[in-house]
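The values are calculated or read from the model by the stated rules, or taken from the named source; none is laboratory data. Everything numeric in this text was worked out from a predicted model, so none of it was measured. With ideal geometry, Cβ positions are generated from the backbone for all residues, glycine too; neighbour counts draw on all protein chains shown.
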Amino acid sequence: MMKSLLPQSQLRRSAAASSAARSSVGGAEGPAAASDSSAGGTKPTSSSTFWFLLHALCCLISLFLGFRFSRLLFFLLFSSSALYAASNTNNPSSASSASHVVVGRHGIRIRPWPHPDPVEVMRAHRIMDRVQEEQRRWYGVREPRHVLAVTPTYSRAFQALHLTGLLHSLRNVPYPLTWLVVEAGGVTNATAALLARSGLTVVHVPFPDRMPLDWAERHATENRMRLHALRVIRERKMDGVVVFADDSNVHSMELFDEAQKVQWMAAVSVGILAHTGAAEQPRLTEDDRKSMPLPVQGPACNASGQLAGWHTFNTLPFSGKTAAVVGEAAPVLPRGLEWAGFIINSRMLWKEAEGKPEWVKDLDAVGENGEEIENPLTLLNDASFVEPLGNCGKKILLWWLRVEARADSKFPAGWVIEPPLEVVIPAKRTPWPETTTEVSSEQLEGKQEQEDRRLSRTNRSARSRSTTTKRKGDVQN
Amino acid sequence: MAPMAGAKDGRHPVTALLVAACFSHLLFLPLAAAADAVEGRDAQRNTERISGSAGDVLEDNPVGKLKVFIYDLPSKYNKRLVTKDPRCLSHMFAAEIFMHRFLLSSAVRTVNPEEADWFYTPVYTTCDLTRAGLPLPFKSPRMMRSAIQFISKKWPFWNRTDGGDHFFVVPHDFAACFHYQEENAIARGILPLLRRATLVQTFGQKNHVCLKEGSITIPPFAPPQKMQAHLIPPDTARSIFVYFRGLFYDNGNDPEGGYYARGARASLWENFKNNALFDISTEHPATYYEDMQRSVFCLCPLGWAPWSPRLVEAVVFGCIPVIIADDIVLPFADAIPWDEIGVFVDEEDVPKLDSILTSIPIDDILRKQRLLANPSMKKAMLFPQPAQPRDAFHQILNGLARKLPHPESVYLQPGEKHLNWTAGPVGDLKPW
C-alpha cells in the first residue's frame, strides 16, 4: 500500500537533496507525509485516487524542479502552518492504541531564534561555578595549609622587575600566604614601598651584609639569607609549608597545590633556564644536543615511585663560559642543587614538634660554624626520606632563571622620576607653523611652555635651551 | 497439580540449604553495610545513598533467593558463534554472552532442574555481524525457535509451563521483535513462542509492542575496563555545560531527515549548533570519556531505538543524563529512581532545552551529582568480568527474584496449551 511503499522508496532514494534545505522544509514533510500516507485503509477510494494523482503530480514536478522544490511547492500551496513550527502527527502506524509516540516521519522542530539567550548563558555559568565549587569542596584540599614564601632580595636595577612578577604570582595563590623577604644590606624604603603595595602579608627581614658582585659569593650569601629566614620562622613558630621563591624565578600554580601535600621535606622538578645573552653560544652538534640531558633539577624515581636519586643540571657544555660577575653577559648557571626545588614543612624547623623525625638535624646545628649550606639536604641527616612530588618529578613546577643588569647601571630610585626629566630632543610637531631658524628666545620659551604642558602631567620640566633665561627646578606637582 | 507438587517436593531436602543461605545472606548484609559505612564516612559529603526502598533494592543480594538452571545447548547456539566472530564480545549487545558466562559460575546456578525457579537458555541471537560489525536479525527468529524446539524435546520443563518460568536475554534493538527497523519490528511483534517467557532486554518503551509486561530492562553493554582506563581526577573542574557526540542525521538510512530519532537529534543540531554552552558535534574525539567527565550534562537522545550506551557512560562518569526519548523505560526502572538522577525532556521541548537546563535549581543539580557519585549506581550499570557484587548481573537476578514465587497460572493444567507453534511469518518456520 501507499503507506508501506512510501518509507521504503524514500529510503532507497539517494541523498541528492542538500541538507541545507532539509531543516527549512522539515515542517513541510509533516503534512506532506501525512496527506500522502493517510490514504491507507481508512479513507474512501475517490479520495485515495485524488491523493495518488497528486502524488504523481508531485513526482512529475520533482523530475523537473528537483525533489526539494516539489515538496516546497506543495507545502506552500496547501499548508497554513508556520514554516518553522512542527507538525508531527503522521501515519498512525503504531500498533498500540494508548501510545502517543508514533513511528514515521516527524517534523524537525526549530524555534524562530535558535541563538543563545544571554540571561540563560549567565545562569549556566553560575551553575557551573557552583558545581566547581562543590567539586573543590568534595575532592580538593580539605584543610589548606599556610604557605611561607622565602625570598632573598637586594636593591638593584632588576629588583622591581623580579619582585613585581613574583608578587603577582603570590597574589594568585589560593591558600593563605606569608611572604618572608630577606633584604641584603638592610631594609630599604624602595623595597618596602614595593612590598606594601602588594597587598600580601609580608615579613620584611633585614640582613646586615651587602650582596656581593661575584656570582659565587652571591650564591653563598643568598644561602645564608635563606637560613636566616628559616631561623625567623623557627623563632616565631610559624606554621605552614616553606616554599623557596627566589625573586627571579617563575612559579606555576601547581607548585603551591603540590606544596600542600608535603609531609616533612619534598623535592620537585625545576626547569633550569641558563640565560645565554651573549652572541657567543656554545655550538652544539646534533649528537651533542640529543645526548645532552634535560636542563632540569629534580628527584629521580625508580619504578615503584620511590626516590632513587637526583637529576641535576649538566654544566659541562658551559664550562669556562659562565658569568663570574653579576651583570656580565654570559650564562648564569646553578650550583649543585638549588633551594628552589625543595619544599619544607615548617614544623621541621621548630625546636619541638610533634612527630618530628630523627633524620632531621636541629636548625641551630646547621651553619653555626660558618660552613657552607649548599642546599636543604644539609638540614637532614639522611637524604633518602625526601618525598618526590609533582607526579614523582615528572611535572616541572617552576623555572630557575638569573637575569641581572650590570651592577653600576642607573635606575631611578623607587622607579619614581626625581628630579624631573630633561628634555633631550625637542618635539618636532608644534601647533605653530614652521618658523625660520632665527628664533627669538621669547618665542622659544613660549614653545617650551606648550611642550611642557604636553609632556607630563605631574612633573613639568622647565629647563629650556635658551641661554638667556634659566629656570631650574620648577616643579609643580 | 502434579507438576507443581513435584516441584515443591524437590525443595524439601534443600530447605536446610536455603536456611543456611539465608543466614549467610544476613551475615553478608552487615558486612556490606560496614563496607558502605566506611565508604560513607570517607565520601560522606559527596555521595548520597538512594534512600528508601529503591536504594535497598539496589543493594540486595540475590544469592539464596532463586535458583537458575542452565540448559546445555549444543555449541552451535552459543560458543561456536563467538569463536567465529569474537567481535560479539565487545559490541553493545554482548550482555547475552556475559550473562551466560556469569550464570555458569554463579552461586545461584543449580544442576538439579527439579529445584530450579528459573530456566535459562543460552542462545546468542545477536551474534551474526556484518563486516561493519552491525548485527543482522534476520536469522534470529529461526535460531530462537530452533533452540526452543530443542529444549522442549529434550527436557520436560518447557512444556510444563509453556515457557512461563523461562527467561531469555534478547539485547537487540527491538528485543524479541528481531528487527532493527521499528515499523518492521512492530509488524512482527514479539516472537510468538516467547509470549509467556520473561524477557531480559535493553529495549524499553511504554505501550510498545516489543515491550512485554514483566520484562526486565537492562543497560546495554559498555566495556568496563575501557571506561576505567580513561578516568581523570575527580577534582578536574566540570567546565562543559552540555556534551554530546554522535549523529544528528543518518544520511545513509534516512536521507531527508525526520525519521531518524523522530527528528529530535536533528532538532538538537539546528537549534543549538551556534550555542557555546552546547558542545555537540559528530566528531569521534580520542578524549570522549575524559570530556564526559568534564561536563555537567550529557545528552542521551534516542536514535533508531530509544536506548543507548550513553546512559551507562553518563552514569559512570558522573555526568547528569538528559534523556530525550518519549515514553522510554530505563534499565532497572523498579530499582533505580531515574527521575531523581536524570533530567527528562520531551521530544517536543527540545527547542527549549537551554531554558529547561538553565532553570533547574542548583540544589537539584548538586543532589543529582551526589546521587551519581554513589558507587552503587555505577556498579549497577556495568557488566564487569569477573562479576562483582551489586553489578548489572546481580540486578538482573534481583529482578528475577522479585518475580518469585511463580503464580499459579504459570503452571499449565493437563491439556492446556497456550503457544501456537506455527504462528508468525512463514520464513520463521524454516529450520535453522
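Residues checked against (1) crowded, with 24+ Cβ neighbours inside 10 Å; (2) away from chain A (no Cβ under 11 Å); (3) not hydrophobic (A, V, I, L, M, F, W, C):
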residue: B:Pro171; (1), (2), (3): yes, yes, yes
residue: B:Ala175; (1), (2), (3): yes, yes, no
residue: B:Tyr180; (1), (2), (3): no, yes, yes
residue: B:Glu183; (1), (2), (3): no, no, yes
residue: B:Val200; (1), (2), (3): no, yes, no
residue: B:Thr217; (1), (2), (3): no, yes, yes
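At least 1 residues being within 30 Å of A:Ala405 (Cα to Cα) is the threshold, and among the helices (runs of 4 or more DSSP H) wholly inside the stretch A:118-219 those reaching it are A:159-171, A:189-196. Considering only the stretch B:287-308, how many residues are in contact (Cβ under 8 Å) with a residue 60 or more places away in the chain, crowded, with 19+ Cβ neighbours inside 10 Å and within 19 Å of the chain's Cα centre (by Cα)? Total meeting the criteria: 4. So for the stretch A:131-149 (the condition being of a type in the set (D, E, K, R), at the interface with chain B (Cβ under 7 Å from one of its Cβ atoms) and buried (at least 20 other Cβ atoms within 10 Å of the Cβ)), does at least one residue qualify? There is no residue in the stretch A:131-149 that is of a type in the set (D, E, K, R), at the interface with chain B (Cβ under 7 Å from one of its Cβ atoms) and buried (at least 20 other Cβ atoms within 10 Å of the Cβ). Set side by side, the residues B:Pro234, B:Pro223 differ, and just one is away from every other protein chain (no Cβ under 14 Å) and not hydrophobic (A, V, I, L, M, F, W, C), which is B:Pro223. Under the condition of being hydroxyl-bearing (Ser, Thr, Tyr) and either in a strand (DSSP E or B) or buried (at least 24 other Cβ atoms within 10 Å of the Cβ) (or both), the residues counted in the stretch B:132-153 number 1. Per the conditions (1) outside any helix (DSSP H, G or I); (2) within 14 Å of another protein chain (Cβ to nearest Cβ); (3) closer than 21 Å to B:Asp279 by Cβ, the sole criterion not satisfied by B:Ser308 is (2).
Residues in the stretch B:83-115 that are in contact with a helix residue (DSSP H, G or I) (Cβ under 8 Å, 6 or more places away or on another chain), farther than 20 Å from B:Met381 by Cα and not in a helix (DSSP H, G or I): B:Val108, B:Arg109, B:Asn112.
With respect to being under 21 Å from A:His125 (Cα atoms) and at the interface with chain A (Cβ under 8 Å from one of its Cβ atoms), B:Ile362 fits the description. Being without any contact (Cβ under 8 Å) to a residue 60 or more places away in the chain and either surrounded by fewer than 18 Cβ atoms within 10 Å (Cβ to Cβ) or out of contact with any strand residue (DSSP E or B) (no Cβ under 6 Å at 6 or more places or on another chain) (or both) is the filter here; which residues of the stretch B:342-357 pass it? Matches in the stretch B:342-357: B:Phe344, B:Asp346, B:Glu348, B:Asp349, B:Lys352, B:Ser355, B:Ile356.
Of all residues in the stretch B:309-341, those satisfying the criterion of being out of contact with any helix residue (DSSP H, G or I) (no Cβ under 8 Å at 6 or more places or on another chain) and either among the aromatic types (Phe, Trp, Tyr) or free of Cβ contacts under 8 Å to residues at least 40 places away in the same chain (or both) are B:Trp338, B:Asp339. Screening B:Asp254, B:Asp279 for residues that are more than 15 Å from B:Val343 (Cα to Cα) and more than 10 Å from chain A (Cβ to nearest Cβ) leaves exactly one candidate, B:Asp279. Suppose the filter is more than 7 Å from chain A (Cβ to nearest Cβ) and either surrounded by fewer than 23 Cβ atoms within 10 Å (Cβ to Cβ) or in contact with a helix residue (DSSP H, G or I) (Cβ under 9 Å, 6 or more places away or on another chain) (or both); does B:Tyr260 pass it? Criteria met by B:Tyr260. Only a single criterion out of (1) at the interface with another protein chain (Cβ under 7 Å from one of its Cβ atoms); (2) crowded, with 23+ Cβ neighbours inside 10 Å is not satisfied by B:Asn207, namely (2).
Does the stretch A:394-404 include one or more residues that are part of a helix (DSSP H, G or I) and either farther than 15 Å from A:Ala259 by Cα or at pLDDT 90 or above (or both)? So far as the stretch A:394-404 goes, no, none of its residues is part of a helix (DSSP H, G or I) and either farther than 15 Å from A:Ala259 by Cα or at pLDDT 90 or above (or both).
Would the stretch B:325-339 turn up any residue that is part of a helix (DSSP H, G or I), at pLDDT 90 or above, loosely packed, with under 15 Cβ neighbours inside 10 Å and away from every other protein chain (no Cβ under 13 Å)? Yes, there is a match, as at least one residue in the stretch B:325-339 is part of a helix (DSSP H, G or I), at pLDDT 90 or above, loosely packed, with under 15 Cβ neighbours inside 10 Å and away from every other protein chain (no Cβ under 13 Å).
The single condition among (1) in contact with a Lys or Arg (Cβ under 8 Å, 6 or more places away or on another chain); (2) modelled with pLDDT under 85 that A:Arg347 does not satisfy is (2).
Per the listing A:Gly336, A:Gly298, the residue uniquely closer than 26 Å to A:His162 by Cβ and outside any loop (DSSP other than H, G, I, E, B) is A:Gly298. Scan the stretch A:188-208 for residues that are surrounded by 14 or more Cβ atoms within 10 Å (Cβ to Cβ) and not hydroxyl-bearing (Ser, Thr, Tyr) and the total you get is 10. The single condition from (1) touching a helix residue (DSSP H, G or I) at 6+ places or on another chain (Cβ under 8 Å); (2) within 14 Å of another protein chain (Cβ to nearest Cβ); (3) free of Cβ contacts under 8 Å to residues at least 60 places away in the same chain that B:Arg265 fails is (1). Sub-6 Å Cβ pairs linking a first residue in the stretch A:101-119 that is within 7 Å of another protein chain (Cβ to nearest Cβ) to a second residue that is polar (S, T, N, Q) and exposed (fewer than 13 other Cβ atoms within 10 Å of the Cβ), at least 6 apart or interchain, are A:His115/B:Asn274, ordered by first then second residue. Out of the residues in the stretch B:367-397 that are of a type in the set (Gly, Ala, Ser) and over 13 Å from B:Leu58 (Cβ atoms), state the one that is surrounded by the fewest Cβ atoms within 10 Å (Cβ to Cβ). This residue is B:Ala373.
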